[in-house]
1. Springs between alpha-carbon pairs under 10 angstrom, Gaussian network model over the chain: which of 77, 200, 260 fluctuates most?
2. Tally Lys/Arg at +1 and Asp/Glu at -1 over every other residue whose Cβ is under 12 Å from the Cβ of residue 193; what's the total?
3. According to the square roots a ≥ b ≥ c of the eigenvalues of the Cα gyration tensor, what is the shape class of segment 3-109, taking rounded for a/c under 1.5, prolate for a/b larger than b/c otherwise, and oblate for the remainder?
4. Nearest 5 is fine: what % of DSSP beta bridges in the chain come out antiparallel, could you say?
5. Where does the longest stretch of the chain lie that holds no trypsin sites (Lys or Arg not before Pro) found in a DSSP loop with 16 or fewer other Cβ atoms within 10 Å?
6. Which whole-angstrom value gives the distance between the alpha carbon centres of segment 142-165 and segment 14-42?
7. Take the chain, connect every pair of alpha-carbon atoms lying under 10 Å apart with a spring to form a Gaussian network, then pick out the residue of 108, 243, 65 with the largest mean-square fluctuation.
8. If I stretch the segment between residue 132 and residue 248 completely, what's the gain in nm (0.36 nm per residue apart, minus their alpha carbon distance), one decimal?
Amino acid sequence: MTLLALAVSGRGLVDPSEPAVHADDEAFLRGRGAFETTRVYAGRPFRLGRHLDRLGESAARLGVVVPPGVEELAAQALAAAGAVDAFLRLYVTPGREGSGEPTALALVGELPPDLEVLRARGIALVTVPLGVDPPWLLGGIKSTSYAANMVAVDEAKRRGADDAVFLARDAIVLEGPTTNVWWRRGETLHTPALELGVLAGVTRAVVVEAAPELGYRVEEGVYRLDELLGADEAFTSSSVREVMPVASIDAARYALGPAAGALQAALRALT
Ligand code: PLP
């Protein structure tokens, strides 16, 4: 990931190649920090207000105080990056151990280069069982303790796929490491319910909003893997990758279907 701009609380804009977090920051020492990733279209962040709200919710669950001025830091980093298509990440950390002085960072970075290639071919997913009974302790929040999520992506790549889908005990479908998961049967779109502790994705909410106008109804629930594997079409939703068609999950193959394309167009129309 190439960083284009970085703003840090108490310092303002800093050179993105300079260190910005102390070695004894609890977010680094113990992974206690909250973050958000927002897609930026021509320099404008999509649904930033919703991301800021969720940052606050995650921080509260983690016991981290959000310092004032996060939105201003985001504006500074965005202005420094210019009218780019990019992503904006916001971080809130407890700061140096024992200091009681939380830190915020806003950084703008380049998008992965292969998004449209992946969208054209569809992504390959593999299932990764977590062996937990949902909702688990930190379910539904974006914390900097994403090591399990990142190792799941590594595991997917080792198995020749692009990304993972987490399963709870009894093969209950949850979400991807950085995406919500969807599938279509006929005219109904299914996605795991938020009560399972999956993240309330901002893009997920866009899909819920846009689906009825496109002729789809949305059903949120508790589903076993078989439900997903037998679907007519599958896709993921996330800020960075938007609506991404799924070409396979484990040995199951999917034709790229109409819902993912229509929802991606509807999302773009809102940006
Ligand atoms: N689920 C998890 C675990 C995530 O980390 C993310 C985003 O990074 C999502 C779902 C999708 O959320 P959003 O659409 O807000 O990007």
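The values are calculated or read from the model by the stated rules, or taken from the named source; none is laboratory data. From a predicted model like this one, the values you see are computed outputs, not experimental measurements. Cβ atoms come from the backbone with ideal geometry, glycine included; neighbour counts cover every protein chain shown. These accessible areas exclude ligands, DNA and RNA; they are computed on the full protein's heavy atoms, side chains included. Shrake-Rupley method; radii C 1.70, N 1.55, O 1.52, S 1.80 Å.
1. Residue with maximal mean-square fluctuation among 77, 200, 260: 200.
2. Counting the neighbours of residue 193, the net charge comes to -3.
3. In terms of gyration-tensor shape, oblate.
4. Expressed as a percentage, antiparallel bridges in the chain total about 75.
5. Between the exposed loop sites, the longest stretch runs 12-158.
6. 20 Å
7. Checking each option, the largest mean-square fluctuation is seen for 65.
8. Here the segment from residue 132 to residue 248 would lengthen by 39.3 nm.
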